[in-house]
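Written out below as structure tokens is the structure these notes cover.
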Amino acid sequence: MTRYRRLIEAWLRGEAEPAPVASLVGFRLTAFDGETARLEMEAGTRHHNPMGQVHGGVFCDLADAAMGVVFASTLAEGESFTTLELHVSYLRPVREGLLVATARVVHRGRTIGRVECQITDGEDRPVARATSTCLVLRQGEG
């Protein structure tokens, strides 16, 4: 098991601190099965934009974190990655409540990977979709 997989498993069990952004935004890893990662958060007024809805950047952070977790799980020792492109489509406004981001790797090449994420609300309605293109880095690169 690679160090990223060990870290993800420890985070899931509550034995490791998540990345600082998790506390800032308020999301938590709730499931990881090697194929998908699920992060959840309770959206509230602290996440609002001026229109009283969850700010799009919050959806973006949640999706990016879920996609980052599942992509990191594919890395071998000596590898890391960086995001080359992130695209988010907003489907429905949210004011408050549970948000669930479920991400999966759809392609993992030697250098480039592609990840997808769907965010749903507490009623399991899609509220946003995201995709990410990732660049695999090896020791001494980047």
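Where a number appears in this text, it was derived from the coordinates with a stated rule and is not lab data. None of these values were measured; they are calculated from a predicted model. Glycine also receives a Cβ, built like all others from the backbone with ideal geometry; neighbour counts cover every protein chain displayed.
Based on every Cα atom in the chain, Rg and the maximum pairwise Cα distance Dmax equal 15.0, 46 Å. Counting pairs of alpha carbon atoms under 8 Å apart in space and at least six apart in sequence, what relative contact order in percent does the chain give? This gives 24 percent for the chain.
With the highest mean first, a sort of the peptides 106-114, 1-9, 25-33 on other beta-carbon atoms found within 10 angstrom per residue produces 25-33, 1-9, 106-114.
Length gain on complete extension for the stretch H107 to R129, per 0.36 nm per residue less the alpha carbon to alpha carbon distance?
On the way: separation 22, 0.36 × 22 = 7.92 nm, distance 1.69 nm.
That works out to 6.2 nm of additional length.
In nm, to one decimal, how far is the T30 label point from the T45 one, both placed 7 Å along Cα→Cβ? In this crude spin-label approximation the distance works out to 2.4 nm. Helix 56-72 sits at what angle to the longest principal axis of the chain, using alpha carbons and giving 0 to 90 degrees rounded to 10? Once rounded, one gets 30 degrees. Amide H contacts of H55 (H built 1.01 Å from N, in plane; Pro and chain starts excluded): H48, N49 sit under 5 Å, all sequence-distant by 5 or more or on other chains.
Go through 62-74, 41-53 and give me the packing order, highest mean Cβ count within 10 Å leading. Can you show the working numbers first?
Numbers: 62-74: 24.2, 41-53: 14.1.
In decreasing order of mean packing, 62-74, 41-53 become 62-74, 41-53.
Among V21, V127, V115, the largest mean-square fluctuation in a Gaussian network model of the chain (Cα springs under 10 Å) belongs to V21. Where in the stretch 81-120 is the amide nitrogen less than 20 Å from a point lying 7 Å along the Cα-to-Cβ axis of A10? 81, by backbone N distance to the label point.
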